Amino acid sequence: MKVAIVGAGTGGMASAIRLAKLGYDVSVFEANDFVGGKVNEKWMGEYRFDMGPSVFTEPSLIDELISLCEKDPSIFSYRQLEESCRYFFSDGQQVIVPVGTKQTAESFEMAFGENRKRTERFLERLSKNYHAVYPVFIRASLHRLNQWCNKGVFRAVLRIPYYGMIRSMNAVNKSRFKNPKTAQLLNRMATYNGSSPYRTPGLLNIISHLEFNEGPAMPIGGMVQISKTLHQLCLELGVQFFLNERVEEILHEQNKVSGIRTNKQQVDCNIVVSNMDVHFTYERLLKGMHEPKKILRQEKSSSAIVFYWGIKDSFKELGVHNIFFAADYEAEFEAIFTTKTRYKDPTIYVHITSKVEESDAPKGSENWFVMVNAPINVGQDWDAFVAETRQTCIEKLSKALNRDIESLIEVESNNEPRKIESVYFGKQGSIYGNSSNSAFSAFYRHPNFSKTLKGLYFAGVTVHPGGGIPLALNSAKIVERCVKEDYQ
Ligand SMILES: Cc1cc2nc3c(=O)[nH]c(=O)nc-3n(C[C@H](O)[C@H](O)[C@H](O)COP(=O)(O)OP(=O)(O)OC[C@H]3O[C@@H](n4cnc5c(N)ncnc54)[C@H](O)[C@@H]3O)c2cc1C
């Protein structure tokens, strides 16, 4: 059996590993001249930058792939961070949140006057919700009854009253905590899958379980090591890579996949796994095919503007992850996620990642990954907007850190929605496909297989189970399970 994978992103390479391990003959076609998709790196002089993700949770999913390939776990190493994040509020308050249920609860008590026991109970509840939801909604295809209808489903159903399905994340957090800053801090997690806390359901608070109870990890060598490890595993399994080779059509006969056509060749195959944004897969590779219109019409997730700054100074007040909040947080959120209004302050929060590796910057300097949320591309004047956002970030950070940041920038580059669309093929620059801005969003994500074309599967953040590296890795696991059910 021959398999063609469209795209060498996290979901594409994880699928390649799993299908090669089943004994299939797997080839990966990647439009860019590098593997890893959004998880890639760039050097500017002596500064190294991870270009996409900076928050890494559930490293065990990479360990699982290494163990599947019977390789030494040491090929991928990471450190568990001791702090989930450092927070800088607009009134000058600074809070370090250490990892762990008890530690987080203690820091919320000291910083925000929250009841320690109440916070612990809240975080423990999120842990239970997470473990109830995981086997049903995240590790299985929601579109195959035999997969999600297992023992776990009763546990998941029994916990429905605790999920907060009919209230927004913000409503749940505001009712649980007395200090608005606590809700502001927890609400941020909605953006981890490109959604708004004022519209996404309270269930999505399970992301806080990963952030606060378990804590983020950081691969040794930076986030790009995730891509390098997946690539190495693929090569050792005999997967072939075709870089600089854009897939232009998925070929089919009698409702079955028969091959692909790239900008360089035509290749016969029995199975295609698309790691391309599902919207573009239909629009560009399956022209004329029946489209799942309702799914493709859903509101898109947000995008981002990122500044990569080589800073010729060091900042002891910064940790690996640092958040600088805006004062008028709530008002600006809606504008970002609807794109209907022109928002005034694009920096609802500025996320700086630094200090990943000492060797990422010259001695006494730091490599800053400075990210703000942004709307998707609907034809805004991005050149003006990026310049404006850069200025606002510089002013805010200079004030908060009491140093003239602009004069410290030695090298720089940026990323914005138009580039996310043209480099990684994310529809309108959205990072995670559809947003999760409604209680039913999970049911409007595209399945991991095609209902009309036998042999066509989908992996990556734009399909089930959703956005972020861990979910892309889970999508590959579901693809493997579906292929096994269909062909073995
Ligand atoms: C700025 C930014 C910050 C982020 N922060 C985080 C974070 O902190 N934590 C986190 O977990 N996630 C984060 N993400 C999301 C994360 O990058 C993705 O979830 C993850 O990389 C998985 O993506 P994917 O598998 O869908 O593939 P992608 O990375 O989207 O890769 C898809 C690949 O397919 C290729 N391709 C597309 N079409 C074709 C075609 N026709 N022919 C050939 N090749 C094609 C593309 O070139 C690309 O290489 C962030 C993303 C961005 C952009």
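The values are calculated or read from the model by the stated rules, or taken from the named source; none is laboratory data. In this text the structure is predicted, and so the values were computed from the model without any measurement. Here the Cβ positions follow ideal geometry from the backbone for every residue, glycine too, while neighbour counts run over all protein chains shown.
Quick notes on this structure:
- Residue within region 134-148 that is outside any loop (DSSP other than H, G, I, E, B), surrounded by fewer than 14 Cβ atoms within 10 Å (Cβ to Cβ) and either of a type in the set (Val, Ile, Thr) or in the same structural domain as Phe177 (by TED's automatic domain parsing) (or both) present: yes
- Test for Arg403: is it of a type outside the set (Asp, Glu), within 16 Å of the ligand (Cβ to nearest atom) and either surrounded by fewer than 20 Cβ atoms within 10 Å (Cβ to Cβ) or part of a strand (DSSP E or B) (or both): no
- Filter pass, Pro447 being crowded, with 19+ Cβ neighbours inside 10 Å, modelled with pLDDT of 90 or more and in contact with a Cys (Cβ under 9 Å, 6 or more places away or on another chain): yes
- Flag for Ser84 being in contact with a Pro (Cβ under 8 Å, 6 or more places away or on another chain), within 16 Å of the ligand (Cβ to nearest atom), of a type in the set (Gly, Ala, Ser) and in contact (Cβ under 8 Å) with a residue 60 or more places away in the chain: yes
- Exactly one residue out of Ser141, Ser74 is of a type in the set (Ser, Thr, Tyr) and in contact with a Phe, Trp or Tyr (Cβ under 8 Å, 6 or more places away or on another chain): that is Ser141.
- Residue that is nearest to Ile250 (Cα to Cα), among those in region 413-450 that are free of Cβ contacts under 8 Å to residues at least 40 places away in the same chain and of a type outside the set (Gly, Ala, Ser): Lys419
- Verdict on Asn146 being closer than 30 Å to Asn270 by Cβ and of a type outside the set (Asp, Glu): yes
- Residue identified as in contact with a Gly (Cβ under 7 Å, 6 or more places away or on another chain) and either under 27 Å from Ser441 (Cβ atoms) or part of a helix (DSSP H, G or I) (or both) among Ser227, Ser314: Ser227
- Checking Gly221 against (1) within 24 Å of the chain's Cα centre (by Cα); (2) buried (at least 19 other Cβ atoms within 10 Å of the Cβ); (3) not in a loop (DSSP other than H, G, I, E, B), the condition it does not meet: (3)
- Ile352 being outside any loop (DSSP other than H, G, I, E, B), among the β-branched types (Val, Ile, Thr), crowded, with 17+ Cβ neighbours inside 10 Å and within 13 Å of the ligand (Cβ to nearest atom): yes
- When residues in region 277-310 are screened for being in a loop (DSSP other than H, G, I, E, B) and touching a helix residue (DSSP H, G or I) at 6+ places or on another chain (Cβ under 7 Å), 6 of them pass.
- In region 19-50, the qualifying residues are those that are basic (Lys, Arg), more than 11 Å from the ligand (Cβ to nearest atom) and within 21 Å of the chain's Cα centre (by Cα), and the one that is nearest to Lys363 (Cα to Cα) is Arg48.
- When residues in region 199-217 are screened for being free of Cβ contacts under 8 Å to residues at least 60 places away in the same chain and either touching a strand residue (DSSP E or B) at 6+ places or on another chain (Cβ under 8 Å) or not in a helix (DSSP H, G or I) (or both), 1 of them pass.
- Residue in region 249-269 that is nearest to the ligand (Cβ to nearest atom), counting only those that are exposed (fewer than 14 other Cβ atoms within 10 Å of the Cβ) and in a strand (DSSP E or B): Gln266
- Checked against the criterion of being near the ligand (Cβ under 7 Å from one of its atoms) and of a type outside the set (A, V, I, L, M), the candidates Pro73, Pro53, Pro59 yield just one match: Pro53.
- The set of residues in region 421-438 that are away from the ligand (no atom under 11 Å from the Cβ) and assigned to a loop (DSSP other than H, G, I, E, B) comprises Ser435, Ser436, Asn437, Ser438.
- Residue list for region 182-198, restricted to those being assigned to a helix (DSSP H, G or I) and in contact with a strand residue (DSSP E or B) (Cβ under 7 Å, 6 or more places away or on another chain): Gln184, Leu185, Arg188, Thr191
- Candidates Ile323, Ile295, filtered to the one that is farther than 30 Å from Gln93 by Cα and in contact with a strand residue (DSSP E or B) (Cβ under 6 Å, 6 or more places away or on another chain): Ile295
- Number of residues in region 162-174 that are closer than 13 Å to Pro197 by Cβ, assigned to a helix (DSSP H, G or I) and not aliphatic (A, V, I, L, M) equals 3.
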